[in-house]
Amino acid sequence: MKVCNLLLLCLFNLVFSARLSAQNLFTEKTNMVYDAKFCIDCGTTKATCPPLTLNYITDKINRKYNFGTGAGEISFQVLVDSSGFSCVISHSDVTHSVLTADLIRLLNGCVWKPAKENGKPVSASVNVSFKVANGKISAKMDRMDLSELASPGAPTIYNKQYAYANSSLKNYDMTVWTKYNSPLPDNIGLACVVDKSDLLWYATARGLTRFDGTTFNAVNEFNSPLTATTTVSDITVDKDNNKWMYANKAIYMYSDAGWKLFDSTRVAISAGYHIITNPTGEIFFTSHKGLLILRNEKVVLLDKERIPQLPSNDVYYAYYDTKGRLWIGTSHGSIVMDKKQNVTVFNGTDSPLNNVCITGITEDEHGNLYFSLNANKKTANEDIDEEGIAVMSADGKWTHYNDKNSGMPSNHVNSLLYDKLEHVLWIGTYQSGLVRFDLKDGWENYNNSNSAMPGYNIYQMAQDSKGVIYAATANGLLRIIKK
């Protein structure tokens, strides 16, 4: 058949949205590797079929199957050649059920109107989704938002004095997954963490997934209290390999025993900014009400009533360092409290933490601390010199790096990761991509203009035991492997 020959010319993407549970037709796990592109329906006139055609298909299926209380969705990618012949080239049912076979047969039998480019018929693919609800199946064509495939644009580099040689870039392999070349729920990544078994938990704006390096496994309504499109704003893992996350304005914990939803009245807050775990076992929940500490199933709230020196109850970040000091960043400044509960307030001092909020901390094996900073200033200039990163050495000496005195390309930092295998600091920025700092005087800047990175906005990073780095970006999941 003519259209099937086109398969030799067209690499395809499997659209992953299998959520159908009726009669055990589908499963949630995907046992395939996805790393291919497909021909999108991008003509000036889109590929389409008469409206009655999809109604005819669903009518035949509804007459044959009794869906009962089943609910879910399965997607097909249909290649339509320039003559209007169609052929299903991928679908999201990894079980290859009888229902899927019937739908493929019916879709392949349709006569389509081909897409047109400049008035001429062209080959293109279109996605068709079938949804089961209320005992019936319905169908629709899913049109791709081509604006999402557009380049994110050029990164913003405020530092015009530093010459980036990027000599280490050749030592890394970068791989990018998006919702168009993989089962990733959405391109916008919000948070990521690698658990004790080196499994990546990756939260997007429209769903949570797990990734073992080759296989994506969706977290949805069939294996969790979350749906396939639930937004998880933050996720972390504790010393016992329990996963903690914010979703649906609530706190969830996943362990080997299953899922647990924490009562908001018990933990005092139902949602917040971040969840931070500590080697000692404490779980920090930062919020506008203060810092909530969960320890041995007991809850303590640190606010201005308990710590009068706290600049504000609006706590954004907190961290226990290896010396037992508690660092707290608020919207009106930052403090540190030692083991004897002596408090140091940094507002009004000559340290880099003066009148800034600590937004992240990482520590190296020598006890040096690295801070990301937010000045919380309302200014037309997005590049604020008080931001950037601060370093406190093990002996208490401070250094402040920004785009005026170092190789920082810009000052707004989203995330920090200390690479214990390479002994370098990775800095995820809001506007300029990734920064690799060798902790001496070597700065490198990787972004979508000089590397395989999908964009320049890096929200969060995580590293597994083998040194593989994952980054949640605004344009897909990035993996960096040292060659």
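The values are calculated or read from the model by the stated rules, or taken from the named source; none is laboratory data. All values derive from a computational prediction rather than experimental measurement. Heads up, the Cβs are rebuilt from the backbone with ideal geometry, glycines too, and the neighbour counts pull from every protein chain shown. The area values use the complete protein model at the heavy-atom level, side chains included, leaving out ligands, DNA and RNA. Shrake-Rupley method; radii C 1.70, N 1.55, O 1.52, S 1.80 Å.
Computed from phi, the 3J(HN,Hα) profile of segment 336-353 under the Karplus parametrisation 6.51, -1.76, 1.60 (θ = phi - 60°) reads 9, 10, 7, 4, 8, 6, 6, 9, 10, 9, 8, 4, x, 9, 9, 7, x, 8 Hz, with x in place of Gly and Pro.
Here each label is just a point 7 Å from Cα along the line to Cβ, and for ASP338 and THR215 those points are 5.2 nm apart. Residues whose amide H falls under 5 Å from that of ILE251, counting only those 5 or more places apart or on a different chain, are PHE262, with hydrogens built in the peptide plane.
Label segment 46-120 by shape, choosing from rounded, prolate and oblate, from the square roots a ≥ b ≥ c of the eigenvalues of the Cα gyration tensor; if a/c is under 1.5 it is rounded, and otherwise prolate applies when a/b is larger than b/c, oblate when it is not. Provide the component values of the computation, followed by the final result.
Numbers: a/c = 2.54, a/b = 1.87, b/c = 1.36.
Prolate, since a/c reaches 1.5 and a/b exceeds b/c.
Shown is the FRET efficiency for ARG63 and ASP198, computed with R0 = 45 Å from the Cβ-Cβ distance and rounded to the nearest 0.05: 0.40. Our helix-only sum for the chain, with -39,500 (n - 2.57) per DSSP H run of n ≥ 4 divided by its residues, gives a mean residue ellipticity at 222 nm of -2000 deg cm²/dmol. Against the chain, whose longest principal axis is taken from its Cα atoms, helix 51-64 shows a tilt of about 90°.
Amide H contacts under 5 Å for GLU221: ALA228, restricted to partners 5 or more places along the chain or on a different chain, H placed in the peptide plane at 1.01 Å from N. Measuring between alpha carbons in the structure, the pairs from LYS339/LYS440; LYS289/LYS323; LYS239/LYS298 lying more than 23 angstrom apart are LYS339/LYS440; LYS289/LYS323. Computed across segment 333-463, the Kirkwood hydrodynamic radius from all distinct Cα-Cα pairs reaches 15.3 Å. The calculated pair-distance distribution of segment 355-410 uses every alpha carbon pair, bins of 5 angstrom beginning at 0, and gives 4, 19, 26, 25, 16, 6, 3, 1 percent. Rounded to the nearest whole Hz, the Karplus-based 3J(HN,Hα) values (6.51 cos²θ - 1.76 cosθ + 1.60, θ = phi - 60°) of segment 408-413 follow the sequence 5, x, 7, 9, 7, 10, with x at glycine and proline. Sequence-ordered 3J(HN,Hα) estimates for segment 155-169 from the Karplus curve with 6.51, -1.76 and 1.60 and θ = phi - 60° stand at x, 9, 10, 7, 7, 9, 8, 7, 9, 8, 7, 6, 5, 8, 4 Hz, glycine and proline given as x. Put simply, the C-alpha atoms of the chain give a gyration tensor, and the ellipsoid matching it has half-axes of 47, 27, 18 Å, longest first.
At 0.36 nm per residue, minus the direct Cα-Cα distance, what do ALA71 and LYS377 gain on full extension? Give it in nm, one decimal, please. Before the final figure, lay out each step's value.
Working: separation 306, 0.36 × 306 = 110.16 nm, distance 4.83 nm.
Stretched fully, the ALA71-LYS377 segment lengthens by 105.3 nm.
When ILE251, ILE104 are compared by accessible surface with a 1.4 Å probe, the order from highest to lowest is ILE104, ILE251. Simple point charges give the picture: +1 on the Cβ of Lys and Arg, -1 on the Cβ of Asp and Glu, and for the chain a dipole about the Cα centre of about 1360 debye. Legend: calculated FRET efficiency, LYS323 to SER151, from the Cβ-Cβ distance at R0 = 51 Å, rounded to 0.05, equals 0.65. Residues whose amide H comes within less than 5 Å of that of THR204, counting only those at least five positions distant or on another chain, are LEU190, THR209, VAL232 (H built at 1.01 Å from N in the peptide plane). Grouping the Cα pair distances of segment 149-219 into 10 Å bins from zero gives a pair-distance distribution of 15, 36, 30, 17, 1 percent in increasing distance order. When the Cα positions of SER331, LEU302, THR359 are compared along the charge dipole of segment 296-377, LEU302 comes out farthest toward the positive end, with charges on each C-beta of Lys, Arg, Asp and Glu. Each residue, ASN450 and SER465, gets one label point 7 Å from its Cα in the Cβ direction; the gap between the two is 3.5 nm. From most to least packed by mean Cβ count within 10 Å, the peptides 59-65, 416-422, 459-465 give 459-465, 416-422, 59-65. For the peptides 365-374, 160-169, the ranking by mean Cβ contacts within 10 Å, running from highest to lowest, is 365-374, 160-169.
Can you compute the equivalent ellipsoid semi-axes for segment 317-398, i.e. the square root of 5 times each eigenvalue of the Cα gyration tensor, sorted largest first and rounded to whole Å?
Values: eigenvalues 96, 39, 23 Å².
Working through the eigenvalues yields semi-axes of 22, 14, 11 Å.
Probing with 1.4 Å while keeping every protein chain in the model, the per residue accessible area of the chain equals 46 Å². Evaluated at q = 0.20, 0.24, 0.33 Å⁻¹, a Debye calculation over the C-alpha positions of segment 342-381 (equal weights, vacuum) places log10 I(q)/I(0) at -0.74, -0.93, -1.09.
Give me the orientation-averaged projected area of the Cα convex hull of segment 208-362, in nm², one decimal. It would help to have the intermediate numbers written out before the result.
Details: hull surface 41.7 nm².
Convex hull of Cα atoms, orientation-averaged projection: 10.4 nm².
Residues SER125, SER331, sorted by accessible area with the largest first, give SER331, SER125 [1.4 Å probe; ligands and nucleic acids excluded]. A dipole drawn for the chain from +1 and -1 charges on Cβ atoms has a positive end, and of PHE76, ALA250, CYS110 the residue lying farthest that way is CYS110. For THR429, the accessible surface of its heavy atoms amounts to roughly 0 Å² (probe 1.4 Å, protein chains only, rounded to the nearest 10).
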